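Visitor: Got a structure for you, questions after.
The values are calculated or read from the model by the stated rules, or taken from the named source; none is laboratory data. From a predicted model like this one, the values you see are computed outputs, not experimental measurements. A quick note on method: Cβ atoms are made from the backbone with ideal geometry, for glycine too, and the neighbour counts reach across all protein chains shown. For the accessible areas, the whole protein counts, side chains as well, though only heavy atoms, and no ligand, DNA or RNA atoms are used. Shrake-Rupley method; radii C 1.70, N 1.55, O 1.52, S 1.80 Å.
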Amino acid sequence: MGPKRTLAHDGLFWRKAARFGARYGPEWWVRYTPPIFGVAAALAIPKARENVRANLRRIRGPASSVRDAIETAEVFSNYAMCLAEVLSNGAPHSRRPESVRVGEEYLHAASEERKGVVVVTIHSGGWETAGTLFMDHRGLDMML
């Protein structure tokens, strides 16, 4: 992989930088900077920005260019926030959402029996957070 490919918007350099920032950056960094990076990505990647805008128009119909721009920026910002949350799993400053803790005692009790546990999450998210519930039970096999 050459330097040009490494520095591409989806290249290894940016993946490692995102992981490093989310994992080792201070809590304020992980909490407040993802929307900035999301908007920067929207500006830097015109093809992705156009794809998001086209999908928004398919979902909600035509809109003004101002609304298109705002909602496209929101999509990129939300994606960046979700990515930062996932990449920070297990970091010293990371906090699991309160909703992830609901029923945690049942999960731990079931996993101690070593018979297997099925964790059901909604399709729109949560699957990547489910793994953090098993962090205290190292050595468990997991399939997502």
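Visitor: Taking 7 Å along the Cα-to-C-beta vector as the label spot, tell me the S111-Y32 distance in nanometres, rounded to one decimal.
Guide: For S111 paired with Y32, the spin-label model returns 3.4 nm.
Visitor: Here is a follow-up. Not counting ligands, DNA or RNA, and with a 1.4 Å probe, what is V86's accessible surface area in Å² rounded to the nearest 10?
Guide: Around 50 Å² of this residue is reachable by solvent.
Visitor: As an exercise, use a Förster radius of 25 Å and the Cβ-Cβ distance of S65 and A44 to find the FRET efficiency, rounded to the nearest 0.05.
Guide: Efficiency at R0 = 25 Å is approximately 0.85.
Visitor: Moving on. When the expected Rg is taken as 2.2 N^0.38 Å, what fraction or multiple of it is the alpha-carbon Rg of the stretch 1-81? Mind dumping the intermediate values first?
Guide: Numbers: Rg = 14.5 Å, N = 81, 2.2 N^0.38 = 11.7 Å.
Taking the Cα Rg and dividing by 2.2 N^0.38 Å, one obtains 1.24.
Visitor: Something else: Order the following by accessible area, largest value first: R15, R53, R58. Probe radius 1.4 Å; ligands, DNA and RNA are ignored. Mind showing how you got there, number by number?
Guide: On the way: R15 150, R53 70, R58 175 Å².
From most accessible down to least: R58, R15, R53.
Visitor: Run the simple label-point estimate for H9 and H93 please: 7 Å along Cα→C-beta, distance reported in nm.
Guide: Going by the 7 Å Cα→Cβ label model, 2.7 nm.
Visitor: Using a 1.4 Å probe and ignoring any ligands, DNA or RNA, find the accessible area of E50 and quote it in Å² to the nearest 10.
Guide: Here the accessible area works out near 80 Å².
Visitor: I've got another one for you. Round to the nearest 10 and report in Å² the accessible area of E74, as given by a 1.4 Å probe over the protein chains' heavy atoms.
Guide: 90 Å²
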